[in-house]
Amino acid sequence: MITEIMTLNRLLFRSALVSKTLTRSAFTARKPDNTTPNWLRVGLALGSTAALWALLFKQHSDDVQEYKTRNGLQ
């Protein structure tokens with residue numbers, strides 16, 4: 001019984017070792033190049049931020065207008 005478990009452990013260890021050495025990661029770690037920014041990503045980030053802030057201000061003004069209408073303040 002114990003020899004079967006040891007044999008199984010050795011087999012699993014070897015298969016894990018072989019699969020680890022034969023596989024390659026799809027992701028690679030590298031430092032980003034800060035000398036040339038990706039202007040498309042920068043533009044998309046700033047544009048989406050500006051659009052979200054515009055929607056936030058519009059929603060706030062609509063909510064304030066509705067509050068004033070419901071409470072007879074206007």
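Just checking, how many residues over the range 51-73 are in a helix (DSSP H, G or I) and either open to solvent by less than 80 Å² (accessible area, probe 1.4 Å) or in contact with a Leu (Cβ under 9 Å, 6 or more places away or on another chain) (or both)?
Counting residues in the range 51-73 that are in a helix (DSSP H, G or I) and either open to solvent by less than 80 Å² (accessible area, probe 1.4 Å) or in contact with a Leu (Cβ under 9 Å, 6 or more places away or on another chain) (or both) gives 7.
Tell me, please, whether a residue that is at pLDDT 80 or above and either open to solvent by 100 Å² or more (accessible area, probe 1.4 Å) or of a type outside the set (S, T, N, Q) (or both) can be found in the range 4-27.
no
The values are calculated or read from the model by the stated rules, or taken from the named source; none is laboratory data. Note that the structure is a prediction, hence the values are computed from the model and not measured. Neighbour counts are summed over all protein chains in view; Cβ atoms, including those assigned to glycine, are modelled from backbone coordinates with ideal geometry. Remember, those area values only see protein heavy atoms, side chains included, never the ligands or the DNA or RNA. Shrake-Rupley method; radii C 1.70, N 1.55, O 1.52, S 1.80 Å.
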